[in-house]
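First the structure, in the form of structure tokens, and then the observations on it.
All of the numbers you see were taken from the coordinates with simple rules; none came from a lab. The shown structure was predicted, so the numbers you read here are calculated from the model rather than taken from an experiment. Note that we place each Cβ from the backbone using ideal geometry, even for glycine, and neighbour counts take in every protein chain shown.
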Amino acid sequence: MTQARWHRWLWITLGVIVLDFATKQLVLAAFRPGEEKVVLPFFSLVLAFNPGAAFSFLADASGWQRWFFSTIAIVASVVIVWLLRKGGSRWYCVALALILGGALGNVWDRLTTGLVVDFLLFHWRGWAYPAFNVADSAITIGAVMLIVDSFRSRRTEAPSPAVVKER
């Protein structure tokens, strides 16, 4: 991929941001906080707010975590854009674009309300995975793609044959 075309990956990022924002707005309009609608025996929609990070990490902190996690997401986004500009395989760039979209989707929530809106809830017989959203899903899928990409074989240029000088 040429460096001049790096911006094409931002369409994926924009798609994640738009889908994340739209789904959060739909849930905010249709649910009250804590309200749950069972969709399948193992899946529900629920309106939850998370002031912390993944798995509600630092959710009960005094409010500083809003700016801490926002700063981390913004710095990570700058690094991801830099990596996209450097280029790489399609797989790698799609993964970065997904992570970027997810980071920006959640940072929007943090900056505008101080809380991340979560609404996807998987559960089974009394066990429940913490609620999450489209942005979290994009980050997770992108991270898995980066891990898979790290194990993929790379094509390397064959070393130039050594020039042997005869005496």
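Results, tabulated for the structure shown:
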{"item": "Of all residues making up segment 104-129, the number that are in contact with a Pro (Cβ under 9 Å, 6 or more places away or on another chain) and not in a strand (DSSP E or B)", "result": "3"}
{"item": "Count - residues of segment 32-49 that are surrounded by 12 or more Cβ atoms within 10 Å (Cβ to Cβ) and of a type outside the set (Val, Ile, Thr)", "result": "10"}
